[in-house]
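Participant: Quick one: structure below, then a few questions.
The values are calculated or read from the model by the stated rules, or taken from the named source; none is laboratory data. Please read these numbers as outputs of a predicted model, since none were measured by experiment. Here the Cβ is made from the backbone with ideal geometry for all residues, glycine too, and neighbour counts use every protein chain on show.
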Amino acid sequence: MLACFVKSSLKKSVVPIFFVKKEDFSAWLGKQNIIIKNWLTTTGFRGELGQVRLIPNQQGQLAQVVCIISDSKDFWAAGALPLSLPEGLYRFELSASDYLSFAIGWGLGAYQFVRYKKPNRLPAQVVLPKEIDQQHIHNIVESIYLVRTLINVPTDDMGPSELAAAAAHLAKQYKAAFKQIVGKELLKQGLASIYTVGRASDDAPRLLDMRWGKKKHPKVTLVGKGVCFDTGGLDIKTAAGMQLMKKDMGGAAHVLGLARMIMEAKLPVCLHVLIPAVENSVGGNAYRPGDIITSHKGITIEVGNTDAEGRVVLADALSVAVNEKPDLLIDMATLTGAARVALGTELPAVFSNQDRVVEDLTAHANQLIDPIWRLPLFGLYRDSLNSSIADINNNSADGYAGAITAGLFLKEFVPNEIPWLHFDLMAWNLKARPGRPQGGEAMALRALFGYLAARFG
Ligand SMILES: [Zn+2]
């Protein structure tokens, strides 16, 4: 049980939290007793969106909390509470269906990254009534905590070997099979793209491979970019550009979080997770601009820029992934700054070769308030990746539509008949919002799990 939740027990006093829609505030206030009316009026409470007020009883003890929300889907409002309300026991005045989503918001808002700094308080606790699906709440919240923490841990403690250990630990928890192909062994198995990008790091490059579920079930394969730190390589980034680069394994963290959701919920799928885990370092043996790599698929890649390394390592992982013809292939990556230029940091870009899949997924994303936005795999731009001496260049010649050309690069490694979703996402909150603390963040995961559970569950 997470520290921010308690199972329903009525031994102690529990403070109710009233979530009142902004438009209903006047009517709600009209029904309250004179003490509450006076308290809210004299403390300047005007029922503005997101406003929260503690309300005492006549003995001056906390009696209830009021929180103004936009509508019944505004579950993020609950995310502002667990670390701002006094420590103690609370319950929501909500229907069972809204209780579930608000409890998820509450849980996500209670996250604290405590590995290197003691927290100055514990989260307030909310009671989870028996009639709501507690396992689902815990699954979503704990899996997203896993994603955030994997991203937040700095590279010295989350290099390729530590990321491998985290994946192995998850596999062990759920009795999944786990193996990894490490260092020069990658070359023996034709995985030169992964090896070449990661070879300059003291922590050897590797391909992590996790399998779970029964073979007879639909095959879902997840591929996550695990660039544990991205200096840019010899095309080195600026100091500012390198600041957040511990998060460049955010795609790997996402697929591990999604895998956890799937395994915890025992979705009847045959799950395969592939993570190319590398550090894009600078060193005497670093790969260089102009080098040509023969990828696992046999496609030769001219290195136009060593900072476009994510697509290079994903190329080999995708090539391995499609060998078994999955029913659905999903890759997730902090792939391009261009996707952030186009959509900002809060809206993950998704690309797909199948309209139906992305449309269904988008419906779940909208329903669950976990937004995504489709960008096109616009084929006309493929020629900007042309190379005169190799099959493809990893860097587009003109620099326009960088998120699309990165998607088109990956598309070379995915046969058209395999249903494929490619996510280009930030994996990081630049600033805190209710339920979404600053730092590593899971994006589109609730939407993806909702889609997978509806389709395969
Ligand atoms: Zn890079």
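Participant: Looking at (1) more than 16 Å from the ligand (Cβ to nearest atom); (2) among the hydrophobic types (A, V, I, L, M, F, W, C); (3) under 23 Å from the mean Cα position of the chain (by Cα), which is the only condition I181 fails?
Facilitator: The one condition I181 does not meet is (3).
Participant: When you look at K297, is it under 25 Å from the mean Cα position of the chain (by Cα), under 25 Å from I404 (Cβ atoms) and of a type in the set (D, E, K, R), yes or no?
Facilitator: Details: under 25 Å from the mean Cα position of the chain (by Cα): no; under 25 Å from I404 (Cβ atoms): yes; of a type in the set (D, E, K, R): yes.
When the stated conditions are applied, K297 does not pass them.
Participant: Moving on to the next point. So which helices (runs of 4 or more DSSP H) are wholly in region 86-203 and hold at least 3 residues that are of a type in the set (G, A, S)?
Facilitator: Values: elements: 96-109, 134-152, 160-173, 185-188, 192-198.
Result: 96-109, 160-173, 192-198.
Participant: Something else: Any chance region 346-356 includes a residue that's of a type in the set (G, A, S) and closer than 21 Å to K246 by Cβ? Even if it seems obvious, please write down each step before you answer.
Facilitator: Keep residues of region 346-356 that are of a type in the set (G, A, S), which gives 349, 352.
Within this subset, residues satisfying the condition of being closer than 21 Å to K246 by Cβ are none.
No, that holds for no residue.
Participant: Could you look through region 364-393, keep only residues that are of a type in the set (G, A, S) and free of Cβ contacts under 8 Å to residues at least 60 places away in the same chain, and pick out the one that is surrounded by the most Cβ atoms within 10 Å (Cβ to Cβ)? Show your work before the answer.
Facilitator: First, pick out the residues of region 364-393 that are of a type in the set (G, A, S): 365, 379, 384, 387-388, 390.
Imposing the further condition that a residue be free of Cβ contacts under 8 Å to residues at least 60 places away in the same chain reduces the set to 379, 384, 388.
Numbers: G379: 10, S384: 18, S388: 6.
If we take residues in region 364-393 being of a type in the set (G, A, S) and free of Cβ contacts under 8 Å to residues at least 60 places away in the same chain, then S384 is surrounded by the most Cβ atoms within 10 Å (Cβ to Cβ).
Participant: Here are some residues: V350, V313. Which one is assigned to a helix (DSSP H, G or I), at pLDDT 95 or above and in the same structural domain as E441 (by TED's automatic domain parsing)? First the steps, then the outcome.
Facilitator: On the way: V350 fails: assigned to a helix (DSSP H, G or I).
Within the list V350, V313, the selection yields V313.
Participant: Could you please let me know if V114 is of a type outside the set (D, E, K, R) and touching a strand residue (DSSP E or B) at 6+ places or on another chain (Cβ under 9 Å)?
Facilitator: Values: of a type outside the set (D, E, K, R): yes; touching a strand residue (DSSP E or B) at 6+ places or on another chain (Cβ under 9 Å): no.
The answer is no for V114.
Participant: While we're on this one: Listed residues G310, G298; which is free of Cβ contacts under 8 Å to residues at least 60 places away in the same chain and either over 26 Å from A453 (Cα atoms) or within 16 Å of the ligand (Cβ to nearest atom) (or both)? It would help to see each step written out before you state the result.
Facilitator: On the way: G310 fails: free of Cβ contacts under 8 Å to residues at least 60 places away in the same chain.
It is G298.
Participant: Another one. Which one of P289, P268 is away from the ligand (no atom under 16 Å from the Cβ) and in a loop (DSSP other than H, G, I, E, B)?
Facilitator: Working: P289 fails: away from the ligand (no atom under 16 Å from the Cβ).
It is P268.
Participant: Could you tell me whether any residue of region 302-313 is under 22 Å from A444 (Cβ atoms), in contact with a helix residue (DSSP H, G or I) (Cβ under 6 Å, 6 or more places away or on another chain), surrounded by 20 or more Cβ atoms within 10 Å (Cβ to Cβ) and not basic (K, R)?
Facilitator: Of region 302-313, the ones under 22 Å from A444 (Cβ atoms) are 310-311, 313.
Subset that is in contact with a helix residue (DSSP H, G or I) (Cβ under 6 Å, 6 or more places away or on another chain): 311, 313.
When the remaining residues are screened for being surrounded by 20 or more Cβ atoms within 10 Å (Cβ to Cβ), the result is 311, 313.
From what is left, the residues that are not basic (K, R) are 313.
Checked against the condition, which is being under 22 Å from A444 (Cβ atoms), in contact with a helix residue (DSSP H, G or I) (Cβ under 6 Å, 6 or more places away or on another chain), surrounded by 20 or more Cβ atoms within 10 Å (Cβ to Cβ) and not basic (K, R), region 302-313 yields at least one hit.
Participant: Could you check region 1-54 and list, in sequence order, the residues that are in a helix (DSSP H, G or I) and either at positive phi or hydrophobic (A, V, I, L, M, F, W, C) (or both)? Let's see the steps before the verdict.
Facilitator: The initial filter retains those residues of region 1-54 that are in a helix (DSSP H, G or I), namely 22-30, 34-42.
Residues satisfying the conditions are F25, A27, W28, L29, I34, I35, I36, W39, L40.
Participant: Can you tell me which residue within region 394-414, out of those that are among the hydrophobic types (A, V, I, L, M, F, W, C) and assigned to a helix (DSSP H, G or I), is surrounded by the fewest Cβ atoms within 10 Å (Cβ to Cβ)?
Facilitator: Within region 394-414, the first condition is being among the hydrophobic types (A, V, I, L, M, F, W, C), and the residues that meet it are 397, 401, 403-404, 406, 408-410, 413-414.
Keeping just the survivors that are assigned to a helix (DSSP H, G or I) gives 403-404, 406, 408-410.
On the way: A403: 21, I404: 26, A406: 27, L408: 24, F409: 25, L410: 23.
The qualifying residue surrounded by the fewest Cβ atoms within 10 Å (Cβ to Cβ) is A403.
Participant: Moving to a separate point now. For region 333-341, does any single residue satisfy the condition of being hydroxyl-bearing (S, T, Y), under 21 Å from V227 (Cα atoms) and within 16 Å of the ligand (Cβ to nearest atom)?
Facilitator: Kept after step one, since they are hydroxyl-bearing (S, T, Y), are these residues of region 333-341: 334, 336.
Of the ones still in play, those that are also under 21 Å from V227 (Cα atoms) are 334, 336.
Subsequent filtering for residues that are within 16 Å of the ligand (Cβ to nearest atom) retains 334, 336.
Within region 333-341, one or more residues are hydroxyl-bearing (S, T, Y), under 21 Å from V227 (Cα atoms) and within 16 Å of the ligand (Cβ to nearest atom).
Participant: Please go through region 229-265 and give me each residue that is β-branched (V, I, T) and more than 16 Å from the ligand (Cβ to nearest atom), ordered by number. So that I can check it myself, show each step before the final result.
Facilitator: Our first condition is that a residue be β-branched (V, I, T); within region 229-265, this holds for 231, 236, 238, 255, 262.
Answer for region 229-265, where residues must be β-branched (V, I, T) and more than 16 Å from the ligand (Cβ to nearest atom): V255, I262.
Participant: Related question: Would you check which residues across region 380-393 are out of contact with any helix residue (DSSP H, G or I) (no Cβ under 7 Å at 6 or more places or on another chain) and assigned to a helix (DSSP H, G or I) and list them? Explain how you work it out, then say what you get.
Facilitator: Within region 380-393, the first condition is being out of contact with any helix residue (DSSP H, G or I) (no Cβ under 7 Å at 6 or more places or on another chain), and the residues that meet it are 380, 383, 386-391.
L380, D383 - these are the residues of region 380-393 that are out of contact with any helix residue (DSSP H, G or I) (no Cβ under 7 Å at 6 or more places or on another chain) and assigned to a helix (DSSP H, G or I).
Participant: Could you check how many residues of region 271-283 are within 16 Å of the ligand (Cβ to nearest atom) and either assigned to a strand (DSSP E or B) or not assigned by TED's automatic domain parsing to the domain that holds L329 (or both)?
Facilitator: Count: 5.
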